[in-house]
1. Tally up the residues in the stretch 106-123 that are part of a loop (DSSP other than H, G, I, E, B) and either among the charged types (D, E, K, R) or modelled with pLDDT of 95 or more (or both), please.
2. Suppose the filter is part of a helix (DSSP H, G or I), free of Cβ contacts under 8 Å to residues at least 40 places away in the same chain and farther than 14 Å from Arg74 by Cα; does Ala54 pass it?
3. Mind counting the residues in the stretch 109-128 that are on the phi < 0 side of the Ramachandran plot and either surrounded by fewer than 20 Cβ atoms within 10 Å (Cβ to Cβ) or of a type in the set (S, T, N, Q) (or both)?
4. Kindly indicate whether Val189 is assigned to a loop (DSSP other than H, G, I, E, B) and either of a type in the set (Asp, Glu) or at pLDDT 95 or above (or both).
5. Considering only the stretch 14-34, I want to know if a residue exists there that is touching a residue at least 12 places away in the same chain (Cβ under 8 Å), crowded, with 16+ Cβ neighbours inside 10 Å and assigned to a helix (DSSP H, G or I).
6. It is to be established whether one or more residues within the stretch 156-172 are touching a Leu at 6+ places or on another chain (Cβ under 7 Å), under 30 Å from Gly246 (Cβ atoms), of a type in the set (Gly, Ala, Ser) and in contact (Cβ under 8 Å) with a residue 24 or more places away in the chain.
7. Would you check if Val103 is assigned to a strand (DSSP E or B), free of Cβ contacts under 8 Å to residues at least 40 places away in the same chain and closer than 24 Å to Ile7 by Cα?
8. Restricting attention to the stretch 129-151, which residues are of a type in the set (Gly, Ala, Ser) and either in contact with a Cys (Cβ under 7 Å, 6 or more places away or on another chain) or on the phi > 0 side of the Ramachandran plot (or both)?
Amino acid sequence: MDLLPAIDLRGGLCVRLLEGDFAAETVYGDDPVGVAAAFASAGARWIHVVDLDAARTGEAPNRPVIAAIAQAVRPAGVSVQAGGGVRSVGDAGELLDAGVSRVVVGTAGVERPSLIADINRRWPGRVALGLDHRRGEVRLRGWTQSAGVTLEDLVPGALEAGACALIVTDISRDGTMAGPDVEGLASLVELVARNRQRTSDLAAPVSVIASGGVGSLGDVAALAAIPGLGGIIAGRALYEKRLDLGAALAVVAGVSR
């Protein structure tokens, strides 16, 4: 299991949204590369990066920043998982060429599962599906539109397409630090496991990575106790010093042994 500190980019700045609302934005700095380097120095093995501009519009003004982040943390052996506006094989290739280790496909992967399959065929094990939801209903295009389907509806197709991970963001909790939906995430992890068992040709493991609501070390411990959960993303709580990254990493490392 990994603890992934998050960097959300908007206009080149390091920001966080409250419950996915672009009008409720807090800016935490103008040096995302420096933030990433600090996370790496604290012991993070993965960093989760989202291009909010690209997620909303399809344009990708922050890709040079993502490339700079990947280059800055690579010497420390830190991997970058990045998404936002990945809507084609070409988009995925640009991020991977920039040094990203895992690409997260959201809207396009929900609407076209074949895109996940196409990326996975070219870069096996390096594409994840981003599932952003409000109370189980999946949202698209920077969380602004409903997909008309639930998380559970999308799990079988995501596994068949070859997603190596499901990045599950609870929008109603994102940025609130009010605690994650531990019960819902545990159920989803079990659903993924059952679907893998029914599909004999799925040899590779599929990680469920939880995002949204983490506000304390207790929240990290509660999520880390979910059997089979692959990772935890933390954002605002780190920036506002309610969660110490080193302590959180130690909790996750203890569970993973």
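The values are calculated or read from the model by the stated rules, or taken from the named source; none is laboratory data. Predicted model only: the values in this text are computed from it and were never measured. Cβ sites come from the backbone with ideal geometry, for glycine too, and all protein chains shown count toward neighbours.
1. As a first pass, look at the stretch 106-123 and keep what is part of a loop (DSSP other than H, G, I, E, B): 106, 112, 123.
With either among the charged types (D, E, K, R) or modelled with pLDDT of 95 or more (or both) added as a condition, the list becomes 112, 123.
Going through the stretch 106-123 one residue at a time, the tally reaches 2.
2. On the way: part of a helix (DSSP H, G or I): yes; free of Cβ contacts under 8 Å to residues at least 40 places away in the same chain: yes; farther than 14 Å from Arg74 by Cα: yes.
Considered against the rule, which asks whether it is part of a helix (DSSP H, G or I), free of Cβ contacts under 8 Å to residues at least 40 places away in the same chain and farther than 14 Å from Arg74 by Cα, Ala54 comes out as yes.
3. Here is the first cut: in the stretch 109-128, the ones on the phi < 0 side of the Ramachandran plot are 109-124, 126-128.
Add one more test, that the residue is either surrounded by fewer than 20 Cβ atoms within 10 Å (Cβ to Cβ) or of a type in the set (S, T, N, Q) (or both), and what stays is 111-112, 114, 117-118, 120-124, 126.
Residues that pass the stated criteria total 11.
4. Details: assigned to a loop (DSSP other than H, G, I, E, B): no; either of a type in the set (Asp, Glu) or at pLDDT 95 or above (or both): yes.
It is false that Val189 is assigned to a loop (DSSP other than H, G, I, E, B) and either of a type in the set (Asp, Glu) or at pLDDT 95 or above (or both).
5. yes
6. Scanning the stretch 156-172, I find no residue that is touching a Leu at 6+ places or on another chain (Cβ under 7 Å), under 30 Å from Gly246 (Cβ atoms), of a type in the set (Gly, Ala, Ser) and in contact (Cβ under 8 Å) with a residue 24 or more places away in the chain, so the answer is no.
7. Numbers: assigned to a strand (DSSP E or B): yes; free of Cβ contacts under 8 Å to residues at least 40 places away in the same chain: yes; closer than 24 Å to Ile7 by Cα: yes.
Here the answer is yes, as Val103 does meet what is asked.
8. Our first condition is that a residue be of a type in the set (Gly, Ala, Ser); within the stretch 129-151, this holds for 130, 136, 142, 146-148.
Passing the criteria: Gly136, Gly142, Gly148.
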